[in-house]
Structures are given as C-alpha cells and as structure tokens.
1. How many of the residues in segment B:779-809 are within 13 Å of chain A (Cβ to nearest Cβ) and surrounded by fewer than 23 Cβ atoms within 10 Å (Cβ to Cβ)?
2. Among (1) more than 22 Å from B:THR801 (Cβ to Cβ); (2) out of contact with any strand residue (DSSP E or B) (no Cβ under 9 Å at 6 or more places or on another chain); (3) assigned to a loop (DSSP other than H, G, I, E, B), where does B:ALA518 come up short?
3. Of the residues B:ILE53, B:ILE112, only one is over 27 Å from B:ASP416 (Cβ atoms) and without any contact (Cβ under 8 Å) to a residue 40 or more places away in the chain; which?
4. Could you tell me whether any residue of segment A:92-106 is more than 8 Å from chain B (Cβ to nearest Cβ) and of a type in the set (Lys, Arg)?
5. Test A:ILE123 against the stated conditions and say whether it is buried (at least 18 other Cβ atoms within 10 Å of the Cβ) and either more than 10 Å from chain B (Cβ to nearest Cβ) or within 16 Å of ligand 2 (Cβ to nearest atom) (or both).
6. Please count how many residues of segment B:317-332 are surrounded by fewer than 18 Cβ atoms within 10 Å (Cβ to Cβ) and not in a loop (DSSP other than H, G, I, E, B).
7. Taking the stated definitions as given, is B:ILE384 within 21 Å of B:SER457 (Cα to Cα), within 32 Å of the chain's Cα centre (by Cα) and not hydroxyl-bearing (Ser, Thr, Tyr)?
8. (1) farther than 21 Å from A:ILE58 by Cβ; (2) in contact (Cβ under 8 Å) with a residue 40 or more places away in the chain: which one isn't true of A:ARG177, the others all being true?
Amino acid sequence: MSANSLSHHHEDPTIRHERKGEEGSLVSTEDFSLWYGDSQALYDVEMALEKGLVTALIGPSGCGKSTLLRSFNRMNDLIDGLRVEGSIKFDGHDIFAPDVDVIGLRKRMGMVFQKPNPFPMSIAENVGYPLRVDGVRDRKLIAETVERALKSSALWEEVKDRLDQSALGLSGGQQQRLCIARAIAADPDVLLMDEPCSALDPVATAKIEELIDELAGRYTIVIVTHNMQQAARVSHNTAFMYLGRLVEYGETGAIFTVPRADRTKEYVTGRFG
Amino acid sequence: MVEERMDQADLLSTDQGAKSPAVYKRPKETKRLVLVADIIAGYVISVGGVLVIAAVMGILIYLVSQVVPLFRAGVVTSQNSAIRPAPWAISSATMLDEYHHLAVEIGPAGRIIAYHPRSGEIVSETRIDFNGAESTTMAFDKGADGWAAGFADGSMAFGSVKFQVEVFPAGFDLSGMRPLGGDDWIGDGAVYSKVAGGQIRVARVVAVTEKIIKSGGGKVVALSMAVFGRQRNRMNALAALDSRGGLSLHIAQTRKNMMTGKMKISVKSYSLPKAPKALDKPRLFLTENGADILLVAGDGVLYRYNAREPSQAFLAETVSLTSPGVRVTAAALMSGRQSLAVGGSNGGVGIHFILSNPGSVTSDGYKVVRARRLEPHKGPVTAIVPAAGGKSFLTAGPGELWLRNGAGESVILRLDAGAPGDIRGLDITSRLDGALLSTNSGAIRLWEIKVPHPEASWRAFFGKVWYEGYKAPSYTWQSSAATDDFEPKLSLMPLIFGTLKATFYSMLFAVPVALLAAVFTSEFLEKNHRAPLKTAMEMMASLPSVALGFVAALVLAPVVERGIGPVLLAGLLIPLSLVGGAMLWQLLPQPVSERLSGRFKFMAIASAMGIGVLATLALGGLFESAFFGGDFKLWLTEKDVSAVPFLFMLLFPMATAAVAVAGARYTGRGGRRGSQAQGGLGAGAMELAKASMVAISAALLAWIAAVVAQGTGFDPRDGLVGPYVQRNTLIVGFAMGFAVIPIIYTLAEDALAAVPDHLRGASLGCGATVWQTAIWVVVPTAASGIFSAVMIGMGRAVGETMIVVMAAGNTPVMELNVFGGLRALSANIAVELPEAVVGGTLYRTLFLAGLTLFVMTFAINTLAEVVRLRFRKRFSRL
Ligand SMILES: Nc1ncnc2c1ncn2[C@@H]1O[C@H](COP(=O)(O)OP(=O)(O)O)[C@@H](O)[C@H]1O
Ligand SMILES: [Mg+2]
C-alpha cells in the first residue's frame, strides 16, 4: 500500500450504518481528538453510544481503542502531557467542562480492565470498595450490595463461602468477574470494558460473554475486543477504528456482513490485524 | 500495553524482512570462551559471597570471644601447702605481699612473724615496739599500712607496718642466702626473689611506732583505726572501747615541719556517750572520714554513733543486723569504709550501707540498711577479709573459702579450704591473684588465682544492683572515677535505654516526614518531577553524620535552648498554618486552582509555612509568658506553675484525631467528600467550616482533658519532660531523624512505586480520589515494604554513633525526659574505648555493649528482611 492511499483513506469521513437502539444515545463524542504530548492518538472521532446496548470497539492494536475508552471516564487525565480537542457528552453534559466532577463521572462509568486487577484485599472488600469510597458504613447495605453484585457477575455461587479470603486466590476468570462485580457494585450507568477476556481461557471467556449478555439492557456497555467472534456475538453495534480514526460504525451485523470500507472488510475477515 | 507494541513491531519486521536480502544465520553452538567466562564468574562470585559471610561471622566470633571471659568464673592456677608450727592461735592481721613472696602475720602483744608463704619458712620474727607494754587488742587499716594497739591501762599506740621492697639489677650476689626452691632465697630478714629480667626483688616487713596516746580509761577491749589523707598531712583516727564501756575517738594529725623536716603529731581526743556495758565480743568500725562509729556486738546489735561532729557525737541508731538468735561471727568494712560486711553464725553474709534517709526513724537522718544478702555458707562465717581496693572480699565458712564481689552477689571463686585447724590468718591480694590461709594447727596454704573480672556478671550488666551510696537498687553506668575505692557500675541498661530513647524520638520525627514525603512523591507528584526530588532526598543521605551531629550540637542546640518556647509553638503553628492553607486553597474555584497547580502551589505551600514561622516568631514570647510563667525552662523545674497548657499541647493532636473520627462516624459524611472537582466556593467553605468546628471542639476537649489530668495529680514534669539540658533528646531526635529520613524515604518510595499501576487504575476507576487510592490501596499494598523501610531506618538510628556522641550530652541517665540528655550504646563505646585498658573489664564490657548493639540491629534488620520477603512474595501475585 502506498503512503498516498493510506493518507487518502484516512481523510475519509466515518462510514455510518444504521444503528440499533431506540432510547437514544447516552454518551457521544463530537470531533474528538487527543494527543499524547506531540503525537496524536485520536482524530476527529464522532460516535454515539446507544443507551442500554453493547457497543464493541474493534481495530488493530494501537489504533486508539483504549485511548478512546479511557477518555469516556477521563482516566487519561492522569497522563502527563495529554491534550484533547472536541468534546465528549455524557447525558448531555460536556465531561471536559471545567466544573465537572471527575470523581462523580468515574462513579457513573464503571471500568473493567484488560488484566484482572483485584485489590490485595478480601473478595468482599474488593466488591464493596466503591461503597467504601462513598463513605458508606452501613454493613448490611454493603453486604447486600456485594451479594447482588457477585450474583450479577455470576460469581456468587463460587465464592459465597470464602468472601473474606483474599481475592488474589481466585483464578484469572474469577478475578475478572470479580472486577466486573466491583464495577457493578458502584451502580454505574456505563460499563467500560477494555479487552476483558484477552487474558482468559475459552471457558472463562464464554462465562464473561454470557455475563455481558445478561448485563446489557441494565447498563450501557462498551467493550474493546480483538476477537471478531466475540464482537459479533455480544455487541449490538460495532465501531471499527484504524490509526486513531473511527472508520466505520453501525449495527454489528452490518459491519460484519456488509462492511463498506476496504479496511473494515480486511479486518473483520481476518486478513490483517 | 507492551504486548500491543510488540504486535506492531512484528507487523513491521515481517514487512521489512521481505525487502531485505541479508539474513542472519545463528550459530548453533555456544563459544567455549563464553562457557568458561560463565563458570569463572559463577566461581568468583560465590567465593566472594562466602568471604563476605565469613568476614561477618568472623567479626561476630571475635566480639563473642572478647566478651566470654567476662562471664568465666575465677580459676585457681596453682595451689601450695606447707606445715609450720603455729606461733599463736589467731592473728590480728595477715598480709600477703603482691608478688606472693612474703607473708606477714601479727599476733598478740605486737609479735610479727614474716614467712615465705610457699614453703612456710620463717623469714623474720620481730615485734612492734610498745615500749615494753602488752597490747590487749589491735586494729589495722591495711589499705594504708596502719596499725593501732590498745593497752590494759587505757592507753593506745599507732604506727605503720608494711612491706618494704627494693629491686636490684641482675647479677646480684645471692651467695650466703638460703635457697627456698624456685627463685626465692632467704637472708637477713628478707626474701630475695628472681623476677623478670633476672632482677632481684627484696621484700621485708617494716613496722614503726609513731605515737602513744595516753588515756585515763579502762582496759581497751575494741579498737578501730583509719588513716585518712596521705604523707604530708596524714590523719590517724582511732576509735576505742574500754572495759568500762567508755567510747572514745582520737584523731592524730601528722604534719611535716617544712624547715626541719620533722614530723609533728598532735592528738585530739573526744569521749563519746558511754556504750552499753558488758557487750559480748564487741567490734568497732570507723567509717569513711570518721563519720560514724559502728559498734557491733556479738549478738548482732549495731550501735551507730554519729561522729560527724566529734565533740558532739551521739548514739544515732541501734539496729539488729542479724535475725534473732543469730550471732555475728565475722565483720569487716569494705574498702572505702562505706559498707559493712557481716557474717553470722548461721552462715549468712550481708552487706550493710549507711544511707542518708531523711524522714527515717533515726535521729540524724541516716540509716543502716542491709543492701545485699549474699549466698550463705553452710555453717558459721569464721572470717571476712576484704581485698584492698575494689569491692571483692573473702568469706570463710566451714571448710569453704569463697571470693565474692559485692555487686555481683554471686560467689566468684570457691576455694577448698579443707585444712586442719581453725583459721589463724587470711588475706587476699588487691589484684585478686593470690589468697593466703593459715590455721592454728600450722597449715599454710597459698592459692595462685585468676579473677580478671570480679565486677562482671549478668546481674551487674542487665540487672538492678544496689551500689554503695545509692538509696535503692538501680541501673547505673559509671565506669570510672578518681578514687581507688570506687566500685565500677557497669549496667548496660541505661545505655540500651538511651539508644532506644534516641531511636524513638528520631523515629517520631523521621517516620511521618519520610512516609508523607514518599506518598507525596509516588502518588501526587507529576512523573517528571519525581526523579529530581528523589535524587535530592537521596543526596541528603550523603551528609556525613558527624556534620549533622556537629551542626546539631553547636548550632541547633544553643538556638533551641534560647528559643525553646517559640520552637514548641512552631510544632503547633506550622502544621496548623499548612492545614489552614490547604483549606483556603480549596476555596479557589476549580479552574483557577487547576491552572495554578504546579509551581504556584509550591509557592503557596512555602508561604503558608513562612506565615507559620513568622507567627511563631511573633508570638513566641507571648506564648511563653502566657502559658509557662514567662520561661519554659523554669516552668520545667518549678511545679507551682500550672501544667495545663503543656498538657493541652500534648493532648491537642489526639483530641483532633478523636473528634475527627467521631465526627465522621456520627455525621455520616457524604460520599462526595474530598473530591477535587467539587471545588466550588460553597463546598470549600463547608469544608473550612467543618474543619474549624473540629479544631475548636478538639481544643475544648483537649483543654478539659488537660484540666482533669492535672486535677488527678498527673504532671508531665514527673516523667515526660523535666529539667532542660542544652544537648538533649529533642536535638538528637531531630538530628538523627534528619539522618534516617533519606533511607526511609527512599525505601518507602520504592515500595510505593512498586505497587502496580493497574491497582491505582482500578481504584480511580471506582471513583476514588488520589488520596483515597493512596491510603486504601497503595499504602496497604506496600505496607510490608514500608514497614521494612521503617525498620531499616530504625536499624540505622540504633547503630548511629556520631550524632549521639555529639548532640546527646552523653549522660547515662534513665529518664523519659525529652529535654534531658542520654547516652547510647554506640556513643558509649566511642567515648570510653580510648580509655579502656585492653583486656580489662571495661574493655570487655564495651565489647559486650557492641555485641548488644549488634543483637539489636540484627533483630531489627532481620525483621525488616523477613517482612520484605513477604512483601515480595505478595507482589508476585499481583
Ligand atoms: N500513556 C501513553 N503515552 C503515550 N502514548 C500512548 C499512551 N497510551 C497509548 N499511547 C499511544 O496511543 C496510541 C493508541 O494506543 P491505545 O489506545 O492503547 O491503542 P489500542 O488500545 O487500540 O491498542 C498508540 O500509538 C500508543 O502507542
Ligand atoms: Mg488497548
């Protein structure tokens, strides 16, 4: 491929398909660009996340999926030399506005990371952590929330007898579900998942996928994944990103069956990436 | 993240691989040289490691080998027996010359017999010149070569008896002398001995009568004599008891006339209140400087006459030294004449002190107290003989001859005295290397012994010992003094205490500062500012501790002494102004505060501190006069000024914590507390109001608690604080804290930085603030690492020497007083080692101090290491 065609490609505006979703969008980016120091990681991303649906972010490594995901709850803030342009709206409010409560924003957007990251505390403490952050002292409330969150993440049966044991003793898949439970316990509106299954075996992956299926509807979910089958299975809408741009976005079925951009076609059929 | 980058790299390289024709072929065999180098490196490194371990072990073994002799019991190196018919049944005095070449016994009527102790051969037989009279009793001051005698007509005499020693060069003509075997010869009333270098040492006994004191009393039945002063200005004091119960004190002053060189003796006699009549077997003792005259009767009753003012001497105390029915069978003053050893018919041996004890039942404010009870003999104690100088003494029981030391309370050496007959004479040399025993059936025994460390014992080092002149048993370190009769006090406890005290206060200062700085660096500081700050802190570690100690002692100590009031106030005001500054900062609208963060924030912090300092300077004087009666140092010693303000200062931080915790529990703080973004003026003002509420109620609580505490009689001046000395624990704590901050900071920061970022992400993703993340996730995860950092810092503080030497005042006292000095184990070694005789008791005791220090730091470092390993294991699972 020539440099010319590459750059030509990139200036294409996002190809948009029909999207699933009747309730409107909860989060939307407008002309969103992001720089790590001097290097630009996102270019004019325009994308709306449908309320209560699962949106998959796909694309080759380094294309900016994680960057975009972490922009939603401003987890990128901690990085030195970060700069953004454009806006991201959550529930109609610009999250980069100066008077925004970042902590509150993060409370409304739970996050699950690529690598399971339970705290070196007990299982119950892990799941109850968001409540502790909120200063909740009511033990009953905490216990019930923990139980509900663990049930929601389909972990309850496996850990109910050892809630006070260290979370580090769980298997990788269990740890990841624990992290999902922790995110759920925070009672968020949005769940941001960055390759939640990439470190897991197929059985654990299947469980998490099932779980995402169940959680859809209650939460607006964004999932970054490298696994095309997974994206096809769990998501309603899919966004394909390439080199910091949103290339094609629309209903998952359309993206996988009738992709319009060459890049998308090549990627979803597994010819590169 | 790394994986992803790798993916990218792979993509690129396959692209390039297709274009580039040059292909690298990898050899399938490892070069020999590489293998050899590997083996050699492994070998060298393991040898090096083994050598290091061996060196450490070697040092440890050396330390132990230096210390072990302290705890060895005395040994008998040789033993010699001879039989010579006894000239009399019991000697008034027995003296063994320090080379064991000559022994002297003085019998009734001033008869002197000098003999060779190994063979028993008589060297000379003479007589003290009593002007033809027969003595009825005699007394000696062996340390000063003095004798005294009493006569039937009530008169007394005194003089001196001593070994006269000359040394002749090698080649001295010994012909005509009678060989005694070995290197000794007898001739013309002296013993000639070949000593090192072939020289000839000649020893003979010389007795001189100095003065006869006429007195009109009855027959002298008991006598005590003491020589005070030396040579030019000698004072012979005699206490005498006559058969009619008349007690008298005679002080003979010997002065040398400068012109004629003649000695002139003038005697002053004082008669004391009459002693009870018909005392059975009375013994008289004159204590140090003639302060007291002790009259001990055979039935164990002691009559103490206070003779500090000889013309007005009076019976001050009557006390029984033994249990009912037990007779005193032997008694002697210890060298120094401050304590009396008493042996009973039941075998018991006790040591009695005369202590100043105001408020006691006695009429003069002194009291005889049994301070030590020693291991009893199995039958009546037949003799007690103190060694001249030191506090060791021999006691004899049935068939037993025990060498003891007062401080240790245990028997140092047990000699088998199973010779026929009763004891006639007994002596031990001042160096504790020879003991002589003669019996009334003519047996003469000489033991060559070795008791290098009579004062050393576990009890002396680590236990409470009741020393002469002390009111109660105590832990005391005082290794040397000007006088020979001094009893070394070798308790390591004040030094261990000093070490712990210095460590405690330095940690009190260093740990919060170092840990807060570490948390700040790893959690709050922007990444690119971290390295310079860390480097700067680590540079602090390269400050030589001697420089720190120097600055602390010569600059800081005087400044703090002058301005202790303001310094204390600073401890209160500077944190307050910082907290206040932080509160005000929150009042700034968030966009403003965000834009101002970086450098400006630092300036704001600095100026808050500056304001605190200025306020301190401005209010210092007022503070002192309002709360401490004008002068804090005076307040420390004068208890009539209220302690409430000081108590308030102590209690305020605790009260603040209590109020804050209680407030959080009962008001149920909102979830949004402390969030950065909430910034707005309203929320900030709320926080400020809340904080001032907390501060005010804490102040109230602290004040009430302080008043209550004082009401219940608690006064910090009894312990926590006390008289102010310039080089005190506060100074040491500060200087040593400064010395250990870098190491604690560095290690703690490493531990915090080692906490993986994904945990921080998880916490922040849950909506926690940076501070919540730091204290709930990062610090607990790094806790063992932080603990080990603190422990390693503590190990440093325990072993630190120069700062404590220079800034601590080096007073080995055991008191909690922050404003008092201290002496640490390490400083003690540094200060005293230059003066210790190699191989001596002090020398070895200093090694024991070193070993103790080693054990302490070893324990602390081992704990640190164990925890650190746990920390590492825990991290491998994260
Ligand atoms: N913290 C960071 N600092 C600088 N560059 C970053 C950082 N994180 C990601 N990047 C860069 O931004 C681009 C997008 O990265 P990322 O969002 O992680 O990609 P993806 O998740 O799609 O693999 C990559 O080129 C990456 O190197
Ligand atoms: Mg990623």
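1. Final tally of qualifying residues: 4.
2. So the condition that B:ALA518 fails would be (3).
3. B:ILE53
4. Checking segment A:92-106: not a single residue is more than 8 Å from chain B (Cβ to nearest Cβ) and of a type in the set (Lys, Arg).
5. So A:ILE123 fits the description; yes.
6. Looking only at that region, the number is 3.
7. No: the conditions fail for B:ILE384.
8. So the condition that A:ARG177 fails would be (2).
The values are calculated or read from the model by the stated rules, or taken from the named source; none is laboratory data. Predicted model, so just to flag it, every value in this text is computed and none were measured. Reconstructed Cβ throughout: ideal geometry from the backbone, glycine too, with neighbour counts over all protein chains shown.
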